Amino acid sequence: MDGFGERVVESERGLLEAACSGDQRAFAELYSKHVRAVYWSVVRMLRSETHAEDTTQEVFVLAWNKRGSIRIVDQSILPWLLTSAQNLALNRLKKSRRESAHLSSQTSEELDVRAVDAESPGRIQMLGEAIDLAVGELSDMDQTLYYLCIDEGLSYAEAASALGTTHGGVRNRLSRVRRLLQISLAPQKEGIS
């Protein structure tokens, strides 16, 4: 690893250790460094900026409360944050679906009209859910790369800098992630065509 990557590792590790000692400024720096990635990963899952803001806040409250047990993965706390964000977002989605099921009191005629109108968006939603499931089966680091490079649009160099690795490492790993997702999503793609 190059010297730059090592400084990133020491920086994240040092900030986390300082936060564990109660240093709120160190935690604020970790927050500033990763809040955008966490927020956009949650927006993608929840498709609601308001719920994403709430969930992002919950992620960092959880991180503060569990700061002593956060595990650095591949030289960053971002994978831990994204995994926590994914879990909290999924819990929010499940709760929302349960509440929707209880509030559903529409007539069958209204439902029939909606079913016809929603056929195409339904397929798109199914593909989105299939993508979410496929991404969820990736390793934490692969999920992080997916969120940073594909969802957020970070360059390989920016992702490498954020994760303390090399441009080539990000490029190669992301290429493998794309192949895995193409294989995993092939049946859904054929169903939409």
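Working from label points 7 Å from Cα in the Cα-to-Cβ sense, the Ser48 to Ala186 distance is 3.7 nm. 3J(HN,Hα) along region 158-170: 5, 5, 4, 5, 5, 9, x, 10, 9, 4, x, x, 5 Hz, from the Karplus curve 6.51 cos²θ - 1.76 cosθ + 1.60 with θ = phi - 60°, whole Hz, x for Gly and Pro.
Take the Cα of Leu90, step 7 Å along the line toward its Cβ, and report every residue of region 19-47 whose backbone nitrogen sits under 15 Å from that point. Taking a point 7 Å out along Cα→Cβ of Leu90, the residues of region 19-47 whose backbone N falls under 15 Å are 42, 45-46.
The alpha carbon centroids of region 18-33 and region 39-97 are separated by 17 Å. For Arg176 and Arg25, the FRET efficiency from 1/(1 + (r/R0)^6), where r spans their Cβ atoms and R0 equals 41 Å, is about 0.60.
All of the numbers you see were taken from the coordinates with simple rules; none came from a lab. Treat the numbers as computed from the prediction; the structure is a model and nothing was measured. Don't worry about glycine lacking a Cβ; one is built from the backbone with ideal geometry, like all the others, and counts go over all protein chains shown.
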